[in-house]
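The values are calculated or read from the model by the stated rules, or taken from the named source; none is laboratory data. None of the values given here were measured: they were computed from a predicted structure. Cβ sites come from the backbone with ideal geometry, for glycine too, and all protein chains shown count toward neighbours. Accessible surface areas use protein heavy atoms only, side chains included; no ligands, DNA or RNA. Shrake-Rupley method; radii C 1.70, N 1.55, O 1.52, S 1.80 Å.
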Amino acid sequence: MIASSITPLQVDDGAPDSVRVSGALTFANAAVALDALTAAVARDGRHTLDLAGVTRTDSAGLACVLAVLAKAAEQGHKLTVRNIPEGMHLLARVCDVEGLMV
C-alpha cells in the first residue's frame, strides 16, 4: 500500500468574516467539501472564501467553489474568493468561468 501525502480538506470558519480552506479540494472530497463550505459561508454572513491553503485541486474542486458562489448569490450574499490556487485559476480560465470567481 502506498501512503498518501495529500492533505485532507479542512474548513476554518473561526475568523468573523471569512472561511479559510486548506488541503486537497478534489473529486475525492468535492461532495463533502460542498456541504461543509456551503454551511460555513452561510454562518453569520461570511463574505470571503480564502483558498490560500488549498494544496491540490482539480475540475471538481473548481465546480465546488462555483457551486458555493452560486448558492451564496442565491441567498443574496456577495462572496469573494481570495488566493485562488494557480491550477484552479488556470482551469477557470480554460473553462471560461474565470469571471465568476471575482
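Counting the residues of the stretch 25-45 that are in a helix (DSSP H, G or I) and among the polar types (S, T, N, Q) gives 1.
If you filter the stretch 10-24 down to residues that are part of a strand (DSSP E or B) and charged (D, E, K, R), you find that the one that is farthest from THR48 (Cα to Cα) is ASP12.
Considering the stretch 68-82, and only residues there that are in a helix (DSSP H, G or I) and open to solvent by less than 40 Å² (accessible area, probe 1.4 Å), the residue that is nearest to ASP44 (Cα to Cα) turns out to be ALA72. Within the stretch 25-51, the set of residues being within 18 Å of HIS89 (Cβ to Cβ) and either more than 10 Å from the chain's Cα centre (by Cα) or of a type in the set (S, T, N, Q) (or both) comprises THR26, THR48. Total residues in the stretch 83-96 satisfying the condition of being outside any loop (DSSP other than H, G, I, E, B) and surrounded by 12 or more Cβ atoms within 10 Å (Cβ to Cβ): the figure is 7. Can you spot a residue in the stretch 46-58 that is of a type outside the set (A, V, I, L, M), more than 14 Å from VAL11 (Cα to Cα) and in a helix (DSSP H, G or I)? Looking through the stretch 46-58, none of the residues is of a type outside the set (A, V, I, L, M), more than 14 Å from VAL11 (Cα to Cα) and in a helix (DSSP H, G or I).
Between a first residue in the stretch 19-48 that is closer than 15 Å to LEU69 by Cβ and a second residue that is in a helix (DSSP H, G or I) and of a type in the set (Lys, Arg), which pairs have beta carbons less than 6 Å apart while being 6 or more apart in sequence or on different chains? Matching pairs, first to second residue: THR38/LYS71.
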